[in-house]
Amino acid sequence: MKYVYILESLDSEHFYVGITDDLRARLAKHNAGEVPHTSKYGPWRIRTYFAFDDAARAVAFVRYLKSGSGRAFAKKHF
């Protein structure tokens, strides 16, 4: 399974979209400061996540969520 996730900083000002095989371990890495892009805005919580059994679809969804229209969609719906 591939998990596409949206993280929200506890101050609710920053969001991060990512993909992983192990959601709990990845969240722990974000909160431990081991991910350079998110280290200065933590701690983080999971806003929402999606499970995919097709890795190609998961990657395509991450690309969409990181696009301008995808960010607008996520902000409105999640």
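The values are calculated or read from the model by the stated rules, or taken from the named source; none is laboratory data. What you are looking at is a predicted structure, and each value in this text was computed from that prediction instead of being measured. Backbone-built Cβ (ideal geometry, glycine too); neighbour counts: all protein chains shown. Surface accessibility is based on the protein's heavy atoms, side chains included, excluding ligands, DNA and RNA. Shrake-Rupley method; radii C 1.70, N 1.55, O 1.52, S 1.80 Å.
In table form, for the structure just shown:
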read-out: Qualifying residue in region 46-63 (condition: under 24 Å from MET1 (Cα atoms), basic (Lys, Arg) and in contact with an Asp or Glu (Cβ under 6 Å, 6 or more places away or on another chain)); value: yes
read-out: Count - residues of region 1-17 that are in contact with a strand residue (DSSP E or B) (Cβ under 9 Å, 6 or more places away or on another chain) and either farther than 14 Å from PHE78 by Cβ or open to solvent by 60 Å² or more (accessible area, probe 1.4 Å) (or both); value: 7
read-out: Residue list for region 55-70, restricted to those being of a type in the set (A, V, I, L, M), more than 14 Å from ASP21 (Cα to Cα) and either surrounded by fewer than 14 Cβ atoms within 10 Å (Cβ to Cβ) or at pLDDT below 95 (or both); value: ALA60
